[in-house]
Amino acid sequence: MAGKRNSRSNTPKYSRSARVSTTLQEIIADELVRIDDERLTFVTVTGIDVDPELNRAIVFFDSLTDDDGDEEILQAFADHRIRLQASIARQIRAKKTPILDFRPDMVIRSAARIDEILKSDRARLERESSAPPSRFRRRSPSSCSTPRGAAPGSLLSTSPQASPATMSSP
């Protein structure tokens, strides 16, 4: 009985498809370094989604060429898909290897676009804050004048009938 293993200690902490995905990403990244193709020089595998049956794997990639070079990169992946599949078959311990499908990673590109928009908006705000005040520019609450006797930032009305100077005591 001392040699009997506890089956619970060997249970994986995450799903099989997630483990296969991580392994595939490592194998494909290593193989991309070995492939001598200019079209794949600045390509990064950003993630892999493997279906639960391990029939298909979607390989997401990004490159320095962005959208402009996607067609060439997809063609290069198509040209080298059999080599990548063979490398996976040699290195992975499974009855079958998933068929690879390559797609550009739109999440990373969308995040880059959002970052560009935020940077340009920040630069615009900095330009506006350093520009001389215009006639129609909205003033901040701290730069607005307050009625006599009112604390800065208080919500007292600035109309003449509500000012403390014009109010009569009962």
In segment 99-113, what residues are under 14 Å from the mean Cα position of the chain (by Cα) and open to solvent by less than 100 Å² (accessible area, probe 1.4 Å)?
Pro104, Asp105, Met106, Ile108, Arg109, Ser110, Ala111, Ala112
Check segment 88-100 and report whether any residue there is among the charged types (D, E, K, R), modelled with pLDDT of 85 or more, in a helix (DSSP H, G or I) and under 30 Å from Val33 (Cβ atoms).
yes
Subset of segment 1-32 (residues that are β-branched (Val, Ile, Thr) and modelled with pLDDT of 90 or more)
Thr22, Thr23, Ile27, Ile28
Across segment 77-96, the tally of residues that are in contact with a helix residue (DSSP H, G or I) (Cβ under 8 Å, 6 or more places away or on another chain), closer than 14 Å to Val20 by Cβ and exposed (fewer than 15 other Cβ atoms within 10 Å of the Cβ) stands at 2
Do we have Ala57 as over 30 Å from Glu38 (Cβ atoms), modelled with pLDDT of 85 or more, within 22 Å of the chain's Cα centre (by Cα) and open to solvent by less than 70 Å² (accessible area, probe 1.4 Å) here?
no
Residue pairs meeting the criteria (Cβ under 7 Å; at least 6 apart or on separate chains; first open to solvent by 20 Å² or more (accessible area, probe 1.4 Å), in segment 19-48; second in a strand (DSSP E or B) and of a type in the set (Asp, Glu)):
Thr44/Asp62; Thr46/Asp62
Working only within segment 20-53, note down all residues that are over 15 Å from Arg83 (Cβ atoms) and of a type in the set (Gly, Ala, Ser).
Ser21, Gly47
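The values are calculated or read from the model by the stated rules, or taken from the named source; none is laboratory data. The structure displayed is predicted, hence computed values, not measured ones. Counting neighbours? That spans all protein chains shown, and the Cβs are built from the backbone with ideal geometry, glycine included. In case anyone asks, the SASA skips ligands and DNA or RNA and just uses the protein heavy atoms, side chains included. Shrake-Rupley method; radii C 1.70, N 1.55, O 1.52, S 1.80 Å.
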